[in-house]
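Colleague: Quick one: the structure is below, and I'll ask about it shortly.
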2 protein chains.
Amino acid sequence: MDRRSQSTTTSSAADTGSLHCIVKLGGSAVSCKNELETINEDNLSIVSSQLRQGMISEPSHGMDWSRRPGSTAIQTVVDKFDDKLESQCKRLIVVHGAGSFGHFQASRSGVHKGGLNKPLVKAGFVATRISVTTLNLEIVRALAKEGIPSIGMSPFSCGWSTCKRNIAMADTSTVVKALDAGFVPVLHGDAVLDTSLGCTILSGDVIISHLAEHLRPDYVVFLTDVSGVYDRPPTEPGAVLLREIAVRDDGSWSVLQPKLQDEVEITVAAHDTTGGMVTKITEAAMIAKLGIDVYIVKAATEHSARALKGPLPHNIPNDWLGTVIRLAN
Amino acid sequence: MDRRSQSTTTSSAADTGSLHCIVKLGGSAVSCKNELETINEDNLSIVSSQLRQGMISEPSHGMDWSRRPGSTAIQTVVDKFDDKLESQCKRLIVVHGAGSFGHFQASRSGVHKGGLNKPLVKAGFVATRISVTTLNLEIVRALAKEGIPSIGMSPFSCGWSTCKRNIAMADTSTVVKALDAGFVPVLHGDAVLDTSLGCTILSGDVIISHLAEHLRPDYVVFLTDVSGVYDRPPTEPGAVLLREIAVRDDGSWSVLQPKLQDEVEITVAAHDTTGGMVTKITEAAMIAKLGIDVYIVKAATEHSARALKGPLPHNIPNDWLGTVIRLAN
């Protein structure tokens, strides 16, 4: 009930043709960081359920009709469908990182540095794509199981490529056609061809920036394994969650909430050595500069559930834990 | 030894930039027909090995670096690579059918008939793609394990679409870029958007015709679960394997070998009611009309091994079992 009443206050993009939301499923949020190629099944299941609740007006039937291991048949779900049930799914794109998938293969072979003429790099490229598409398939299945009409789309197959690691070609028309047909495209960080280096890794965060710039969603949600952006590594004593960051037109940014005494840029830069948070803020700031609110929030919590039912009110509720990055007024 | 000497007599396309071969892995050849979503592991393994022997000059190291079930680590294969080993892989495209993957989901929901506004069709579209991409990933992994630099590419993600079930848009540039980078694209029959019907199924055979027309391979091999094209269902007593079929410019065709007494068109048409063989001959004839030889041969046999080391000599060896369809002189 609560969900329904809340969702009516949000701008439904399903009918207008505009994009409601881009959600980043952080690799560390849906896979087990220290266990090679292992899904965090609990998190993935909760996140899928929260996505469904945030994006679809009515519960809908499962769309993963795969044979379960040990069974010889497929559970008959077909009879449950009737032509009356037309669940409206908001226009949504999911992008996920690699987490414990792909990272081993990419780093051991040096795919990000290019050099496809080296047998090790070429093999690593193949191995990386196998690993990340394995994760993609599992995420697509988890979303489909919840009734989200998810469609896996690999950047490599979409013909996306880079030049000196920057996006050189990334036509979004296939993604838009999938959205127009009522599907939820599920993209991922991928090994791609690079016109200068031969090949490299195109990260999920760069994909999101690109999609946000071209498709202008109402808001963007990063689901991670911590509660948001802190002023220092969150494991350190006294780490403070930055609740609201304002980005100015010139790209500079400052913390609006909470009021901090220290020079924030410096403490966040120190943070970067452990978690790449400055990179994340920089990418998020580029999106926010477009006038698109960005939420960074811990996956599979009540706070992620609220973010996915977003957008959040302009005055961020006190009991919501996460970081909002938005354009300064 | 035999392999090496034979392969030097074939036109290697790796250097010239032209496409050596398109191989169709019939769904029924690599999956178990009567067992839902079950790979025919033995066949797939043999076919992968035969493909490697036919296409790569030297044995190469495995490129599937996935974690094996039950293991927590990935076997270290990285150390085996050195920069000297540069296996030349002939330019090759693999296309596979669905077999016992995808068929259940597609037929129960009627995806091929279109109507994406119906919840059942939309769910079936999602379920079909999950099933066929599951098979695609397994085939890519099997090929990579053999050292073939295989890259899964879904027609949907490539932006391919149809209009009234005929290909409307199927840009091959991403496939060509993958070939140019030294990879082996692995495509598959897929659920795609149809500008007239909403959606439909794009079959592997139609994909092959399209690729053959645009990329002009030296020859095309169809790996199936029977020895070739027969004059009647091969399970019927007295069924005769058609060894050589000549296609004329006007599309008509006749059997050159063996010399048959009966009117062949009629008996083959009768065959169609059981196995769609006329459809297969029609597609093969369209390719042969382009001047491209087509071999239809049973997968995972010595005959498929020879076809994959092809092209075969113009006078087909007596001990080779299969069907050659080519342009009449």
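The values are calculated or read from the model by the stated rules, or taken from the named source; none is laboratory data. Quantities reported herein were computed from a predicted structural model and do not represent experimental measurements. Heads up, the Cβs are rebuilt from the backbone with ideal geometry, glycines too, and the neighbour counts pull from every protein chain shown. Side chains included, ligands, DNA and RNA excluded: accessible areas come from the protein's heavy atoms. Shrake-Rupley method; radii C 1.70, N 1.55, O 1.52, S 1.80 Å.
Colleague: Considering each of A:Val221, A:Val184, A:Val140 in turn, give the residue that is crowded, with 24+ Cβ neighbours inside 10 Å, modelled with pLDDT of 95 or more and more than 30 Å from B:Ala142 (Cα to Cα).
Modeller: A:Val221
Colleague: Let me ask you something else. Which one is most open to solvent (accessible area, probe 1.4 Å), of the residues in the stretch B:90-116 that are facing another protein chain (nearest Cβ under 7 Å) and more than 24 Å from the chain's Cα centre (by Cα)?
Modeller: Out of the qualifying residues, it is B:Arg108.
Colleague: Now for a separate question. Any chance you could count how many residues in the stretch A:155-169 are within 12 Å of chain B (Cβ to nearest Cβ) and either of a type in the set (Lys, Arg) or within 19 Å of A:Asn136 (Cβ to Cβ) (or both)?
Modeller: Looking only at that region, the number is 7.
Colleague: Still on this structure, I have one more. So B:Ile207 ticks every box in (1) within 18 Å of B:Val297 (Cα to Cα); (2) not in a loop (DSSP other than H, G, I, E, B) but one. Which box is left unticked?
Modeller: (1)
Colleague: What are the pairs, 6+ residues apart or on separate chains, where a residue within the stretch A:117-145 that is facing chain B (nearest Cβ under 7 Å) has its Cβ under 9 Å from a residue that is aromatic (Phe, Trp, Tyr) and surrounded by fewer than 24 Cβ atoms within 10 Å (Cβ to Cβ)?
Modeller: Within 9 Å, the pairs are A:Lys118/B:Phe81; A:Pro119/B:Phe81; A:Leu120/B:Phe81; A:Ala123/B:Phe81; A:Ala127/A:Phe104; A:Ser131/A:Phe104.
Colleague: Being polar (S, T, N, Q) and over 17 Å from B:Phe183 (Cα atoms) is true for just one of A:Ser107, A:Ser131. Which residue is that?
Modeller: After applying the criteria, what remains is A:Ser107.
Colleague: Being open to solvent by less than 10 Å² (accessible area, probe 1.4 Å) and small (Gly, Ala, Ser) is the filter here, so list the residues in the stretch A:187-213 that pass it.
Modeller: A:Ala191, A:Gly204, A:Ala212
For (1) of a type in the set (D, E, K, R); (2) outside the structural domain of B:Cys32 (by TED's automatic domain parsing); (3) closer than 28 Å to B:Ala300 by Cβ, each residue gets a yes or a no:
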position: B:Met169; (1), (2), (3): no, no, no
position: B:Thr174; (1), (2), (3): no, no, no
position: B:Ala181; (1), (2), (3): no, no, no
position: B:Asp194; (1), (2), (3): yes, no, no
position: B:Pro233; (1), (2), (3): no, yes, yes
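Colleague: Shifting gears a bit: A:Ile201: farther than 19 Å from B:Pro185 by Cα and more than 9 Å from chain B (Cβ to nearest Cβ), yes or no?
Modeller: Criteria not met by A:Ile201.
Colleague: Would you mind stating whether A:Thr282 is over 21 Å from A:Ile316 (Cβ atoms) and either exposed (fewer than 14 other Cβ atoms within 10 Å of the Cβ) or at pLDDT 80 or above (or both)?
Modeller: Considered against the rule, which asks whether it is over 21 Å from A:Ile316 (Cβ atoms) and either exposed (fewer than 14 other Cβ atoms within 10 Å of the Cβ) or at pLDDT 80 or above (or both), A:Thr282 comes out as yes.
Colleague: Here's a follow-up. Looking at the stretch A:250-275, which of the residues that are closer than 26 Å to A:Leu25 by Cβ and loosely packed, with under 13 Cβ neighbours inside 10 Å is modelled with the highest pLDDT?
Modeller: Per the stated criteria, the residue is A:Thr273.
Colleague: Next up: Scan the stretch A:90-97 and tell me whether some residue there is charged (D, E, K, R), at negative phi and part of a helix (DSSP H, G or I).
Modeller: Among the residues of the stretch A:90-97, not one is charged (D, E, K, R), at negative phi and part of a helix (DSSP H, G or I), which makes the answer no.
Colleague: A further question follows. For a quick check of your reading: which helices (runs of 4 or more DSSP H) sit entirely within the stretch A:1-79 and have at least 2 residues that are exposed (fewer than 11 other Cβ atoms within 10 Å of the Cβ) and at pLDDT below 85?
Modeller: Qualifying helices (runs of 4 or more DSSP H): A:2-8.
Colleague: Given the structure, is A:Thr172 at pLDDT 95 or above and open to solvent by 10 Å² or more (accessible area, probe 1.4 Å)?
Modeller: When the stated conditions are applied, A:Thr172 passes them.
Colleague: Does B:Cys21 satisfy the condition of being more than 16 Å from the chain's Cα centre (by Cα) and under 22 Å from B:Val229 (Cα atoms)?
Modeller: no
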